[in-house]
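The values are calculated or read from the model by the stated rules, or taken from the named source; none is laboratory data. This one's a predicted model, so the numbers in the text were calculated from it and none came from an experiment. Methodologically, a virtual Cβ is constructed for each residue, glycine included, from the backbone with ideal geometry; neighbour enumeration extends over all protein chains shown.
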Amino acid sequence: MYPPLRLYMIRHGIAVDRSSDLPDEQRPLTPQGQQKTQEVAQRLRALGIGFDYLQTSPLVRTRQTAEILQEEGLVGKVHTSEWLSPQGSFEQWLAWLQSWREQKYPHLAIVGHEPYLSEWAERLIWGAVRHQLVLKKAGMIGILLPEQENPVSHSTLFWLTAPKFLL
């Protein structure tokens with residue numbers, strides 16, 4: 001048995017358009033994306049939200065989003081995980097999560113991409129992808145993972161916020 005865990009799934013901020021000459025993995029946040037993400041992070045901090053551990057996809061826009069969360073004091077260190085990239089694996093991330101939970105920290109954040117974050121959230125909540133949750137850029141899904149070992153289809157949604165509701 002593990003203690004309950006609050007998992008915060010955060011989508012990266014507004015990034016340079018896909019039609020740019022940059023490869024997808026190198027697309028950075030736009031100035032507007034940086035500003036909005038910073039404002040969201042400041043509001044989260046004002047609400048008393050913080051993370052014991054933060055994982056991010058290795059892509060530039062997600063790393064920048066994670067660094068903004070770190071700069072605003074929501075987490076001490078940013079960790080990169082290939083499992084959170086668009087080619088990542090829910091099953092491999094879930095195996096990592098099970099071992100990480102042994103440390104008994106109550107707050108974990110991951111920064112990633114759509115549609116993967118919504119799909120992962122749906123698997124944790126319902127056990128299947130239903131395409132019902134939508135995560136806007138710089139938005140956040142909060143899921144409470146239960147004490148039991150397997151959180152798939154046993155977790156509870158406690159937060160789904162578009163950034164406009166935080167600003």
Give just the number: which of (1) in contact (Cβ under 8 Å) with a residue 40 or more places away in the chain; (2) assigned to a loop (DSSP other than H, G, I, E, B) does Leu124 not satisfy?
(2)
Answer residue from the stretch 100-130, given it is crowded, with 16+ Cβ neighbours inside 10 Å and small (Gly, Ala, Ser) and is farthest from Leu145 (Cα to Cα) among those
Gly112
If I go through the stretch 68-99 residue by residue, how many of them are in a helix (DSSP H, G or I) and surrounded by 18 or more Cβ atoms within 10 Å (Cβ to Cβ)?
6
Across the stretch 99-131, which residue is modelled with the lowest pLDDT among those that are among the polar types (S, T, N, Q) and under 24 Å from Ile49 (Cβ atoms)?
Gln103
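Which residues, counting only those in the stretch 131-144, are under 17 Å from the mean Cα position of the chain (by Cα) and either assigned to a loop (DSSP other than H, G, I, E, B) or surrounded by fewer than 15 Cβ atoms within 10 Å (Cβ to Cβ) (or both)?
Pass one, the stretch 131-144, residues under 17 Å from the mean Cα position of the chain (by Cα): 133-144.
Result: Leu133, Val134, Leu135, Lys136, Lys137, Ala138, Gly139.
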Out of (1) of a type outside the set (Gly, Ala, Ser); (2) more than 23 Å from Arg45 (Cα to Cα); (3) buried (at least 20 other Cβ atoms within 10 Å of the Cβ), the one Glu147 does not meet is (3)
